[in-house]
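I have a structure here, written as structure tokens, and I will follow up with some questions on it.
The values are calculated or read from the model by the stated rules, or taken from the named source; none is laboratory data. Computed from a prediction, not measured in an experiment: that's the story for all the values here. Methodologically, a virtual Cβ is constructed for each residue, glycine included, from the backbone with ideal geometry; neighbour enumeration extends over all protein chains shown. What goes into the accessible areas is simple: the full protein's heavy atoms, side chains included, and nothing from ligands, DNA or RNA. Shrake-Rupley method; radii C 1.70, N 1.55, O 1.52, S 1.80 Å.
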Amino acid sequence: QVQLVESGGRLVQAGGSLRLSCADSGRTFSAYAMGWFRQAPGKEREFVAAIRWSGNTSYADSVKGRFTISRDNAKNTVYLQMNNLKPEDTAVYYCNARRSYSSYPVLGVGSWGQGTQVTVSS
């Protein structure tokens with residue numbers, strides 16, 4: 001069973017960087033595709049990035065070139081490195097785990113963490 005815990009969110013100035021982490025306490029982490037979504041106040045949850053168990057990645061257009069998703073299967077952890085942050089990146093960021101990488105960016109699939117708040121000030 002997948003149990004996800006995000007960390008690393010905080011207040012940061014525009015142009016700054018953050019690295020989010022998502023730890024999976026389950027025992028089959030390497031078998032899952034992992035992804036990050038975000039939800040800003042008053043908006044729907046949206047896809048940010050995903051990574052296949054083998055390392056293939058995909059990104060939303062809004063974060064391409066600024067965000068990097070990676071995973072460490074030995075540590076059961078997925079990361080989201082966020083550079084050149086903008087105020088519009090402010091949101092709660094959620095980690096997601098699912099069997100099918102090809103199902104990203106569809107919502108409503110897999111397991112979710114509780115979220116971590118990222119706030120970017122201008």
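Take the stretch 76-96 and flag every residue that is out of contact with any Leu (no Cβ under 6 Å at 6 or more places or on another chain) and closer than 16 Å to TRP53 by Cβ. Before the answer, list the steps.
As a first pass, look at the stretch 76-96 and keep what is out of contact with any Leu (no Cβ under 6 Å at 6 or more places or on another chain): 76-79, 81, 83-92, 94, 96.
ASN76, THR77, VAL78, TYR79, ASN96 - these are the residues of the stretch 76-96 that are out of contact with any Leu (no Cβ under 6 Å at 6 or more places or on another chain) and closer than 16 Å to TRP53 by Cβ.
Also, I was wondering about something else. Hey, VAL109 hits all of (1) surrounded by 18 or more Cβ atoms within 10 Å (Cβ to Cβ); (2) within 20 Å of LEU4 (Cβ to Cβ); (3) touching a helix residue (DSSP H, G or I) at 6+ places or on another chain (Cβ under 7 Å); (4) β-branched (Val, Ile, Thr) but one; which does it fall short on?
The one condition VAL109 does not meet is (1).
Still on this structure, I have one more. For the stretch 56-68, indicate whether the set of residues that are open to solvent by 40 Å² or more (accessible area, probe 1.4 Å), basic (Lys, Arg) and touching a residue at least 40 places away in the same chain (Cβ under 8 Å) is non-empty. Explain how you work it out, then say what you get.
In the first step, residues of the stretch 56-68 are kept if they are open to solvent by 40 Å² or more (accessible area, probe 1.4 Å); the result is 56-57, 59, 61-62, 64-65, 68.
Applying the additional criterion that residues be basic (Lys, Arg) yields 64.
Going one step further and asking which of them are touching a residue at least 40 places away in the same chain (Cβ under 8 Å), we end up with none.
So far as the stretch 56-68 goes, no, none of its residues is open to solvent by 40 Å² or more (accessible area, probe 1.4 Å), basic (Lys, Arg) and touching a residue at least 40 places away in the same chain (Cβ under 8 Å).
Conditions tested, residue by residue: (1) under 14 Å from LEU20 (Cα atoms); (2) touching a Cys at 6+ places or on another chain (Cβ under 8 Å); (3) in contact (Cβ under 8 Å) with a residue 60 or more places away in the chain; (4) not polar (S, T, N, Q).
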position	(1), (2), (3), (4)
ASP72	yes, no, no, yes
LEU107	no, no, yes, yes
TRP112	no, yes, yes, yes
THR116	yes, no, yes, no
THR119	yes, no, yes, no
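Being more than 19 Å from SER7 (Cα to Cα) and open to solvent by less than 40 Å² (accessible area, probe 1.4 Å) narrows it down to one residue among ARG98, ARG38, ARG52; which is it?
On the way: ARG38 fails: more than 19 Å from SER7 (Cα to Cα); ARG52 fails: open to solvent by less than 40 Å² (accessible area, probe 1.4 Å).
None of the others qualify; the one that does is ARG98.
Right, another one. Tell me the residue from LEU4, LEU11, LEU80 that is out of contact with any helix residue (DSSP H, G or I) (no Cβ under 7 Å at 6 or more places or on another chain), farther than 18 Å from GLY110 by Cα and surrounded by 15 or more Cβ atoms within 10 Å (Cβ to Cβ), please. Even if it seems obvious, please write down each step before you answer.
On the way: LEU4 fails: farther than 18 Å from GLY110 by Cα; LEU11 fails: surrounded by 15 or more Cβ atoms within 10 Å (Cβ to Cβ).
Criteria check complete, one pass: LEU80.
Condition test on THR116, is it hydroxyl-bearing (Ser, Thr, Tyr), open to solvent by less than 30 Å² (accessible area, probe 1.4 Å), at pLDDT 95 or above and closer than 21 Å to VAL12 by Cβ?
Details: hydroxyl-bearing (Ser, Thr, Tyr): yes; open to solvent by less than 30 Å² (accessible area, probe 1.4 Å): yes; at pLDDT 95 or above: yes; closer than 21 Å to VAL12 by Cβ: yes.
So THR116 passes the test.
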